[in-house]
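Read the structure below first, then the notes.
What follows draws every value from the coordinates through simple rules; no lab data is involved. A quick note: this is a predicted structure, and the numbers were derived from the prediction, not measured. So basically every Cβ, Gly included, is an ideal-geometry build from the backbone, and we count neighbours across all protein chains shown.
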Amino acid sequence: MHKKHLGFSYKNQILHAESVAITDLMAVYGSPLYVYSRMDIENNWREFDQAFGDHPHLVCYAVKANSNLAVLNVLAKLGSGFDIVSIGELERVLVAGGKAGKCVFSGVAKTKIEIERALEVGVRCFNVESASELSRIESVARSVGKQAPISIRVNPNVDAKTHPYISTGLKENKFGVDMSNAIDLYQQAQDSKYLNVQGLDCHIGSQITEVSPFLDALDKVLVLLKQLKDKGIGITHLDLGGGIGIDYEGEQTIDIQNYIDVMISKVENIEIILEPGRAIVGNAGIFMTKVEFLKQNSEHSFAIVDGAMNDLLRPSFYNAYHQVLPINKNAKGIQAHWDLVGPICETGDFLAKNRALSLSEGDYLALMSAGAYGFTMSSNYNTRPRVAEVMVSGTNHQLVRQRESVQDLFAQERLYE
Ligand SMILES: *Cc1c(COP(=O)(O)O)cnc(C)c1O
């Protein structure tokens with residue numbers, strides 16, 4: 001069991017979410033199913049928040065990791081800020097009780113409508129990713145007669161040593177502005193009546209398990225901060241993004257207190273914003289699936305499960321690893337090295353490969369650490385309804401997203417007449 005999987009553990013050989021047996025959840029809600037531990041979400045957020053001590057800070061949970069309203073609401077109640085990347089995420093945060101004034105708006109291509117809405121509700125800051133975007137934000141602000149608070153997202157050109165699909169801080173990535181162009185952009189923003197320079201932003205990637213890339217990025221950002229100061233451009237917050245890696249398969253990852261201590265020691269008198277997503281929800285959720293059929297040939301043992309790549313994309317997309325645990329530790333079935341594959345018509349439709357498990361048809365299996373980029377990346381491919389989501393808190397459990405019906409899936413479609 002992972003260090004951070006405090007919400008998920010075996011009691012009497014049965015896997016539990018907090019104090020609720022997963023067998024009970026499967027009986028009530030059916031399969032496949034996402035299950036979240038409220039306690040884990042809260043503890044993970046507090047770990048970041050408390051590590052800052054008295055240093056001015058705001059922990060802005062990155063909504064794209066898991067945007068369920070119940071998850072956002074739990075965090076809003078703790079006083080969390082939010083990192084959003086679309087108007088859809090903004091509206092979710094507001095409906096869930098989050099404050100616009102604690103939202104930072106990231107993303108490479110904010111539309112006019114998104115900017116207007118963000119100004120209307122009063123977001124904390126726009127993280128600007130290009131010169132064109134800066135002028136779009138300025139022109140929208142001018143048209144509505146408001147000042148837009150901005151940070152420039154710089155690309156510090158550091159190697160986050162993570163999967164290429166989730167590395168964002170290299171020159172070859174589409175994100176942010178080159179450090180060398182940033183000063184001109186800040187000068188431009190400083191000269192505009194409709195822009196209000198507030199912060200300096202960077203985000204170098206995701207699932208980063210060593211602190212050194214973050215510190216390399218921070219050092220580069222601090223050089224720029226000094227240059228801006230010398231030009232009379234004052235920065236009131238540093239946004240150092242998210243990307244803190246979690247333990248998926250027993251790997252050593254970042255000690256959050258240590259990371260934040262080092263950060264604080266280098267940054268005096270400036271508020272620090274962080275945008276962790278995965279580190280808050282990743283280990284706080286699991287994906288449950290049922291073994292439909294077992295199929296063995298001379299080469300391979302396949303467990304065909306009812307969950308698929310449309311429900312949990314990470315294995316197919318990033319070749320990501322999720323630990324697989326039986327719901328009943330004592331289950332006696334066929335011992336083999338199983339590939340867990342879904343019903344979708346793609347060879348890439350797998351959830352796990354080559355796992356030593358003892359399986360029978362009808363067994364339930366947990367894919368651990370599926371709380372981040374799980375449900376939010378799910379789709380309706382193969383006209384499969386998206387699954388239900390459940391939150392557990394102590395001995396209580398509640399449905400926080402109803403399973404879609406087949407009719408839901410084509411309700412927006414029309415025949416051509
Ligand atoms: C995706 C993203 C995050 C969150 O990344 P995690 O790896 O989930 O912590 C934070 N900030 C920005 C700008 C992002 O794009």
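General observations
- Partner lysines for Lys332 [C-alpha distance under 23 Å; skip if fewer than 8 residues away on the same chain]: Lys11, Lys290, Lys295, Lys353
- The spacing between the range 250-286 and the range 102-119, judged by their C-alpha centroids, is 25 Å.
- Applying the Karplus relation 6.51 cos²θ - 1.76 cosθ + 1.60 with θ = phi - 60° to the range 238-245 yields 3J(HN,Hα) values of 10, 9, 9, x, x, x, 5, x Hz, where x marks Gly and Pro.
- For the range 106-276: relative contact order, % (alpha-carbon pairs under 8 angstrom, 6 or more apart): 20
- Assigned charges on the beta-carbon of Lys, Arg, Asp, Glu; the range 334-417 dipole about Cα centre (debye): 240
- Residues whose amide H comes within less than 5 Å of that of Ile273, counting only those at least five positions distant or on another chain, are Leu58, Leu238, Asp239, Leu240 (H built at 1.01 Å from N in the peptide plane).
- Whole-Hz couplings from phi, Karplus 6.51/-1.76/1.60, listed for the range 258-267; x for Gly and Pro: 5, 4, 6, 4, 5, 4, 4, 5, 9, 10
- Amide H partners (placed H, <5 Å) of Phe126, local residues excluded: Phe105, Ile150, Ser151
- Trypsin sites (Lys or Arg not before Pro) within the range 210-307, DSSP loop, no more than 13 other Cβ atoms inside 10 Å: Lys231
- The range 362-417: trypsin sites (Lys or Arg not before Pro) in DSSP loop, at most 11 other beta carbons within 10 Å: Arg414
- More than 24 Å apart - percent of Cα-Cα pairs taken over the range 1-145: 45
- Gain upon complete extension [Ser9, Glu120; 0.36 nm per residue less C-alpha separation]: 35.5 nm
- Other residues lying with their Cβ under 11 Å from the Cβ of Leu69 contribute a combined charge of 0, Lys and Arg counting +1, Asp and Glu -1.
- The value obtained for the chain, namely the Cα convex hull volume divided by the number of residues, is 156 Å³ per residue.
- Helix-derived mean residue ellipticity, 222 nm - over the chain, DSSP H n ≥ 4, -39500 (n - 2.57), to 500: -8500 deg cm²/dmol
- If the Kirkwood radius is taken over C-alpha pairs of the range 114-233, then at 10 °C and 1.306 mPa s the Stokes-Einstein diffusion coefficient equals 106 µm²/s.
- Cleavage-rule hits, trypsin sites (Lys or Arg not before Pro), the range 1-92, DSSP coil, Cβ neighbours within 10 Å at most 16: Lys3
- Distant-in-sequence amide contacts of Leu351, defined by a placed amide H-H separation under 5 Å and a gap of 5 or more residues or a different chain, comprise Leu340, Val341, Gly342.
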